[in-house]
Amino acid sequence: MSRAFGKSVALSNLSLTIGNGEFVALLGPSGCGKSTALNCLAGLLPLTAGSIYLDGRRIDTLPPERRDFGMVFQNYALFPHLTVRQNIGFGLKIKKTPKPEIERRVNAAIDLVQLSLHADKHPNQLSGGQQQRVAIARAIVIEPQVVLMDEPLSNLDAKLRHEMRSEIKRLHHELGLTTVYVTHDQEEALSLADRLVVLHDGKVQQIGTPEDVYMNPINSFVADFMGYRNLISMELLAGGSTNKYSLTSSGIDLTASGIFSGATVGKVLVAIRPEDLLIEKSSKNNIACTVKTIEYQGKDFAVEVSTVQGFVIYVRTPIRLEIGEKTNLTVRPERVMVYPESNN
Amino acid sequence: MTIQDTTEVSNSVSRKIFVKSPFGWVIWASVAFFFINLLGVIGTVVVSSFGTEWFDGWLPSGWTMKFYTTAWHDYQVPNLLRVTLQVALAVVLISILVGTPAAYVLARRDFPGKKLLMLSFLLPIMLPPITYGIPLATFIYRLNLGGTLTGVIVANTVPAIPFVILVLSPFIEQIDPKIEAAARMCGATTRQIFIKILTPLIIPGLLAAALLVLVQTVALFELTYLVSGPGSNTLVVALYYAVFASGIRPYQAISAMAVFYMLTTLFILIVALRYVNPTQMVSQARSVDTK
Amino acid sequence: MSAIDASKSSLNLKSWLAEHGIDRLLFLVIPAFLAMLTFFIYPTIYGTYLSFHPMDKSGALGNYRSFFGDPYMRDSIWNTFRIALPVSVINVFAAIPLAVRLRHRVRGKRTINTLLVIPMSLGTVLIAEGLSAYLAPNGWLNRTLLATGIISQPLQLLHNFWGVMISLLITGFPFAFLLTLSYISGINPKMEEAASTLGATPWQRFRYITFPLLTPGLAITFCLNFVLAFSVFPSANLLGNPAGDSHVLAVAAAQAISSKYDYSMASAISVITGVLELAVVAIVLIMRSRLYSGSTSGGKG
């Protein structure tokens, strides 16, 4: 599907087939089109091109109330004049489900999100995390074909976010509902999703399992977004055997056998993850440097080093170093990614 | 892109609600009906003011401008305009000078008795002018100000001051008090803060309040009616008297008088609307609610 | 007390005052408060006092007794209600569909808002004056209706309470509409979107979400409209039948002054008017507080 606002294209050519019970995350920075995609799926925004099929039936011509999708909104959008119980039961009431069944299903949903003590309160009497759980319960109690979640955790503080993430994971495991989840937090996407779709500027960058995208980003944008903090301009030398490329750049010589994405001889962009840089002297891929800053992070250190020529490189290591210490870095060739110089 | 998203979404959903339904047509038809009738009401006045005779038929039998000159002289329109303007400007000035500091205090401070104070400011707006106008008129006559310009000005400031306070308070509340704190840290005294920082920031609010008070004072009938005398009538009161004494003067002159009044009001309204959003004209009531 | 103790206790007093927000800044509010005290609170108290001192010295409740004892005067209460209640109800409920419709569209909105402000600013007197010609048996309205065959006899809309009602509708509706519009704009549209994802049709969205959230605001709109209509004065005189069914409370009060110079009786009628108004407002507000009246933004945002 595609969606354009006048001349500007918010989403172009997102093509995806989602299987039953799959958890798909749409990941990207703000403005990348992920919320647009979700709103189009929900029917809150019409498509400007493309179509959506559910079990072979075309649904993009249907209004939101006929699509049978549940949606969890970023600001929860709870009905302030209804209690938790009434909020959750709203969709069932609209469907004219008989009262005893509404009661049974709502109670089950309330137990599932552990809100039994608060069932008769109003949303303004609940904390953020509790409101979040009401929003989720409201969307799943109607047993929709698909659950859509629009950055549901972005308004919560860090600790609550981790808790709710586990909740969502547990719920998905128990109920097995097909879910499309929008977020800008790569950690969230990695931990929750069966498959990731990385978006940038309305265009799909990469679709794959979390491990795929994390270990083998397909272009420099995805690499950058997934935490490959070292993006170095280097020169790709001609020659070398298949899957082994030689790179050089004022004082650093590297051999790479990681992703090689359409790069040509000449200027390229090299991406290396800070965790993949090891503090040891080695014969291959050695980088001499001086330690500039050290940040204690608990389980390891975030270290900034500077090469002889003044390049700044980011490293994560459990080894305790000293500022001003001279040391050596190395990296395995398969963890060096090479991309064309210009983005995408 | 995300901001565009949300407005697009809500526009899109609502457009689907009403574009294709007969409901929308009923609404537009009713609105049109309202405005057609309104136009008819205003039109009748305007047309009759230009007519020579109008007994039967859709339009007068002839056209003339003479009744405008009659009205101009007989009703002493220039005097009326002068009085109306004097009253209005005086009321605006007084209510702004008195109301702005009060609005500042109410917006910034919480103190015991604040609720009672606010009530005393809200009551003149919540009660219609006739209800407190009669006691007020009695009092003004006892002060020997009955029928004088001063009396009319005093009477009209009673609803004007609370109005200014109500319009300005939200403006002042919107200004982050930390700005004043920052100015203090830079060494400014209270007077300097007021003059150099606050006043420039609340000018839109001052303008809105002044214009709304102006419109209100020109159009307000009951209070002026109760306290004015022959030399201190405003346009609207003179119009009322003209209609009532209609046996004496030709009705066309009355209509001409009405047109004078209408033009004055519309002129002020047009000026006001350049600076004020129409919904602000009723936002006083909304802010009453939230308080 | 030593000097140190004295300065300590004055410091304590100052900090206590500061804690409670009392400092020299409060002086700024005094001019406004004095104005209200002198020209509003005092006259109202004085007027109430005056109402208990009738001109014919017939005792404290003399005015009230003669008011309620005279059917002509008593009827003014009924006359006023008969006009004010229906007008307020119509204005408020007619405003809802238009506010719902104009909530989102941007294009025609500003024009309509501006046009609607016009009858409000022209004021009751001019509208009444215009209506007195427009609604006349040979005025444009009757002519149109006769010419198109909708009626066979001219409608008698003048010199009775119909004319008064129409003028109140014209000046009151824009006010009710603009208020309702501002209330409805304060309802977060995301909630209606959420309702649509749960299967609610547009009507169901209005019935279960929009309207309940609008009701508190409607109550206020009704009160404000009612208060204005209840004190109708110039149009009752100009368009109605001030000696008959348009003998409303305000007319009675003004007549007490103009024909009998009986300020005491006029004050008594004003007191009665004020009390009745406040009673209706109080009833509506109590009903409103029974409903939901919290935030309309729908959650932590």
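The values are calculated or read from the model by the stated rules, or taken from the named source; none is laboratory data. Only a predicted model underlies this, so the values are computations on that prediction, with no experimental measurement involved. Quick reminder, even Gly has a Cβ in these numbers, built from the backbone with ideal geometry, and neighbours come from all protein chains shown.
Summary table
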| quantity | calculated |
| --- | --- |
| Residue, nearest to the other protein chains (Cβ to nearest Cβ), within region C:235-245, restricted to residues that are among the small types (Gly, Ala, Ser) and surrounded by fewer than 23 Cβ atoms within 10 Å (Cβ to Cβ) | C:Ala243 |
| Selection from region A:24-38 of residues that are closer than 15 Å to A:Ile207 by Cα and surrounded by fewer than 24 Cβ atoms within 10 Å (Cβ to Cβ) | A:Val24 |
| Test: residue in region A:279-300 that is of a type in the set (Val, Ile, Thr) and outside any strand (DSSP E or B) | no |
| Any hit, region A:77-96, residues being away from chain C (no Cβ under 14 Å) and touching a residue at least 12 places away in the same chain (Cβ under 8 Å) | yes |
| Residue, nearest to the other protein chains (Cβ to nearest Cβ), within region B:213-249, restricted to residues that are of a type in the set (A, V, I, L, M) and within 21 Å of C:Phe39 (Cα to Cα) | B:Ala219 |
| Test for B:Gly51: is it in contact with a helix residue (DSSP H, G or I) (Cβ under 9 Å, 6 or more places away or on another chain), within 30 Å of B:Ile175 (Cβ to Cβ) and touching a residue at least 40 places away in the same chain (Cβ under 8 Å) | no |
| Hey, B:Leu143 under 15 Å from C:Thr38 (Cα atoms) and either of a type in the set (S, T, N, Q) or surrounded by fewer than 24 Cβ atoms within 10 Å (Cβ to Cβ) (or both) or not | yes |
| Selection within region A:20-48 - under 12 Å from the mean Cα position of the chain (by Cα) and of a type in the set (D, E, K, R) | A:Lys34 |
| Single match in C:Val227, C:Val248, C:Val232 (criterion: modelled with pLDDT of 85 or more, over 14 Å from the mean Cα position of the chain (by Cα) and within 12 Å of chain B (Cβ to nearest Cβ)) | C:Val248 |
| Those helices (runs of 4 or more DSSP H) lying entirely in region B:1-96 with at least 3 residues modelled with pLDDT of 75 or more and of a type outside the set (S, T, N, Q) | B:22-49, B:66-74 |
| Residue match in region B:257-279 (condition: at pLDDT below 80, under 30 Å from B:Asn144 (Cα atoms) and either not assigned by TED's automatic domain parsing to the domain that holds B:Tyr141 or not in a helix (DSSP H, G or I) (or both)) | no |
| Matching residues, region C:32-71, being farther than 26 Å from B:Met118 by Cα, of a type in the set (Ser, Thr, Tyr) and within 14 Å of chain B (Cβ to nearest Cβ) | C:Ser51 |
| Failed item, numbered, when C:Tyr261 is tested on (1) in contact (Cβ under 8 Å) with a residue 60 or more places away in the chain; (2) over 30 Å from C:Arg103 (Cβ atoms); (3) among the aromatic types (Phe, Trp, Tyr) | (1) |
| Filter pass, A:Asp253 being more than 24 Å from A:Arg161 (Cβ to Cβ), more than 24 Å from the chain's Cα centre (by Cα) and not in a loop (DSSP other than H, G, I, E, B) | yes |
| Qualifying positions in region C:24-65 - in contact (Cβ under 8 Å) with a residue 12 or more places away in the chain, assigned to a helix (DSSP H, G or I) and in contact with a Phe, Trp or Tyr (Cβ under 9 Å, 6 or more places away or on another chain) | C:Gly47, C:Leu50, C:Ser51, C:Asn63, C:Tyr64 |
| Residue count, region C:29-81 (criterion: under 26 Å from the mean Cα position of the chain (by Cα) and of a type in the set (Gly, Ala, Ser)) | 5 |
| Filtered residues of region C:230-276 (kept if touching a helix residue (DSSP H, G or I) at 6+ places or on another chain (Cβ under 8 Å) and farther than 24 Å from C:His159 by Cβ) | C:Asp262, C:Tyr263, C:Ser264, C:Met265, C:Ala266, C:Ser267, C:Ala268, C:Ser270, C:Val271, C:Ile272, C:Gly274, C:Leu276 |
| Residue check, B:Glu173 within 12 Å of chain C (Cβ to nearest Cβ), farther than 16 Å from B:Leu97 by Cβ and not aromatic (Phe, Trp, Tyr) | no |
| Any chance C:Thr221 is more than 26 Å from C:Ile127 (Cβ to Cβ) and of a type outside the set (A, V, I, L, M) | no |
| Those residues of region B:107-119 which are surrounded by 16 or more Cβ atoms within 10 Å (Cβ to Cβ) and either at the interface with chain C (Cβ under 7 Å from one of its Cβ atoms) or small (Gly, Ala, Ser) (or both), in sequence order | B:Ala107, B:Arg109, B:Phe111, B:Leu117 |
